[in-house]
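Down below is the structure, laid out as structure tokens.
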Amino acid sequence: MTLAPSTTIRQSERIASRVIDGKAVVIVLDAHRLHTLNEVGTRVWELADGRSIASIAEALAADFEVDRDTALADTARFVQELRALGAIEVDEPERAQP
Amino acid sequence: MTRVIGSETMAPRGLDEARSTPGAVEREVAAPFAYGGMRVAWVEDGVACTTVRLPEEHALHAGRARPAAADVEVEVVPTRRPPPSGDARAMRWAWSGSTGRAESGWAALVVEQIAERRFRVQAHTVAGAAGRAAILSLLAPTVVERLGGLVLHATAVVLGGRAVLFIGPSGAGKTTSARHMGEATWLARDRAIVVRDELGRWQAWGAPGGDDVPLEHASDVVAPLGAVLRVLRSEGASRIVPLPPASALLRLRESIQSGATDRDGEHGALDAAARLLREVPVAAVEVALGCRLADVVAPFVSERAHDEPATRTAATPVSP
């Protein structure tokens, strides 16, 4: 299921990370897993401080010169990956009832 | 309970009795960080003993440029708990401010960091060699971490007076790499400690522990750190392969044996690894079986070496 653009994300309390040479190294403490993020992923990671996916995508569109729709789709997909890794906490807005 | 005030000397036979009164220096105890890395004073059953076991020629070197990483004062309070079994490293430290605690069925340890490089330890555990070995194996990572250093799962050799560490998961070829290092001598067969000394240089020495390295077989040698190399098997020629910084940090972190499980501890380990990465060459090495790996590694280390004098020690050759 695609995350709504208004979904906010925040780095998990159970991770440790450092950015070195423009790339983030992320440790998920409970899973004992290590991950490195590429340049774009690192930018998303740095912005994961309670902002919305839409807000982060907007920043990516400006930083990396991609159109906003592409940035939004890529950000939402990447956020799902980070969520599956246990690296972020996601706060989804309540969906409207049909 | 008797206390030792101050730690031991670099010359055990010349130990000033006044420094260890009222206990007597009755024996030497091999310790994982007794040789210039960290100086340990030990009190057991009210009797003080020193832990220094330093080759004479290294003592001469150390007198001029001594790592002097830390002073650790250990007081053992014997208990009737059962002797340690299993891996002491499985015990986890919890630090609150300057006090760290670890507890299990066989021991309870409290460490107080009383100065930047000075620690006081009270250990409630079984007396004797088993308790001593377990305490020291357990203490090393947490004290090293508090000093901003690292305990690495690594084999290590001394080549040209400098430590070369081989890291990688079990089966990667760390021991094989060390055995391909020609004239180099062993420094660590399973665990290596690296600490930045008071002069800002990284020093390495072997720690006991792991599958087959009992305390008494830990290396006496301490050497300036020349390089950390992640081992990769190769079908072609042996060669050094540069690692991008993030990848190098990841490889280092994979090899860190951290005593911490919390976020602060992980950040501390990452910070130490990142600092090491800035100050010491970290790369990958592709190792072809049967090669003279020293011919590949030596130029890499010497080209990047700082201008401090290399340590000269007599140690065990790596060749079988």
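The values are calculated or read from the model by the stated rules, or taken from the named source; none is laboratory data. Keep in mind it's a predicted model, so treat the numbers as computed, not measured. With ideal geometry, Cβ positions are generated from the backbone for all residues, glycine too; neighbour counts draw on all protein chains shown.
Of all residues in segment A:1-19, which are surrounded by fewer than 16 Cβ atoms within 10 Å (Cβ to Cβ) and either closer than 13 Å to B:S247 by Cα or within 12 Å of another protein chain (Cβ to nearest Cβ) (or both)? Even if it seems obvious, please write down each step before you answer.
First pass over segment A:1-19, keeping only residues surrounded by fewer than 16 Cβ atoms within 10 Å (Cβ to Cβ): A:1-2, A:4, A:6, A:10, A:13.
If the condition is that a residue be surrounded by fewer than 16 Cβ atoms within 10 Å (Cβ to Cβ) and either closer than 13 Å to B:S247 by Cα or within 12 Å of another protein chain (Cβ to nearest Cβ) (or both), then A:E13 is the only one that fits.
None of B:T175, B:T155, B:T185 is within 23 Å of B:E303 (Cβ to Cβ) and free of Cβ contacts under 8 Å to residues at least 40 places away in the same chain except B:T155. Find all pairs meeting these conditions: Cβ atoms under 8 angstrom apart; at least six residues apart or on different chains; first residue within segment B:225-250 and without any contact (Cβ under 8 Å) to a residue 40 or more places away in the chain; second residue surrounded by fewer than 20 Cβ atoms within 10 Å (Cβ to Cβ) and of a type in the set (D, E, K, R). Sorted first by the residue in segment B:225-250, then by its partner, the pairs are B:P244/A:D21; B:P245/A:D21; B:A246/A:D21; B:L249/A:R18. The one condition from (1) at pLDDT 90 or above; (2) surrounded by fewer than 24 Cβ atoms within 10 Å (Cβ to Cβ); (3) in the same structural domain as B:R275 (by TED's automatic domain parsing) that B:G182 does not meet is (1).
Regarding A:L60, is this residue more than 25 Å from B:A274 (Cβ to Cβ), crowded, with 20+ Cβ neighbours inside 10 Å and more than 12 Å from chain B (Cβ to nearest Cβ)? Criteria met by A:L60.
The condition of being crowded, with 24+ Cβ neighbours inside 10 Å and modelled with pLDDT of 85 or more holds for B:L152. Residues that are out of contact with any Pro (no Cβ under 9 Å at 6 or more places or on another chain) and of a type in the set (D, E) were ranked within segment B:225-272; the one that is nearest to the other protein chains (Cβ to nearest Cβ) is B:E266.
From B:A123, B:A156, B:A163, B:A188, which residue is touching a Leu at 6+ places or on another chain (Cβ under 6 Å) and more than 15 Å from B:L293 (Cα to Cα)?
B:A123
May I ask you to verify whether A:L34 is within 14 Å of chain B (Cβ to nearest Cβ) and over 14 Å from A:E13 (Cα atoms)?
Values: within 14 Å of chain B (Cβ to nearest Cβ): yes; over 14 Å from A:E13 (Cα atoms): yes.
It is true that A:L34 is within 14 Å of chain B (Cβ to nearest Cβ) and over 14 Å from A:E13 (Cα atoms).
Tell me, yes or no, whether segment A:19-39 has at least one residue that is part of a helix (DSSP H, G or I) and under 30 Å from B:R275 (Cβ atoms). Checking segment A:19-39: at least one residue is part of a helix (DSSP H, G or I) and under 30 Å from B:R275 (Cβ atoms).
Here the condition is being touching a residue at least 12 places away in the same chain (Cβ under 8 Å) and of a type in the set (D, E); of A:E81, A:E46, A:E65, it holds for A:E46 alone. Per the listing A:G22, A:G50, A:G41, the residue uniquely within 14 Å of chain B (Cβ to nearest Cβ) and within 14 Å of the chain's Cα centre (by Cα) is A:G41. Please work out if A:V66 is surrounded by 13 or more Cβ atoms within 10 Å (Cβ to Cβ), of a type outside the set (F, W, Y) and either in contact with a strand residue (DSSP E or B) (Cβ under 6 Å, 6 or more places away or on another chain) or away from chain B (no Cβ under 14 Å) (or both). For A:V66, the condition - surrounded by 13 or more Cβ atoms within 10 Å (Cβ to Cβ), of a type outside the set (F, W, Y) and either in contact with a strand residue (DSSP E or B) (Cβ under 6 Å, 6 or more places away or on another chain) or away from chain B (no Cβ under 14 Å) (or both) - is met.
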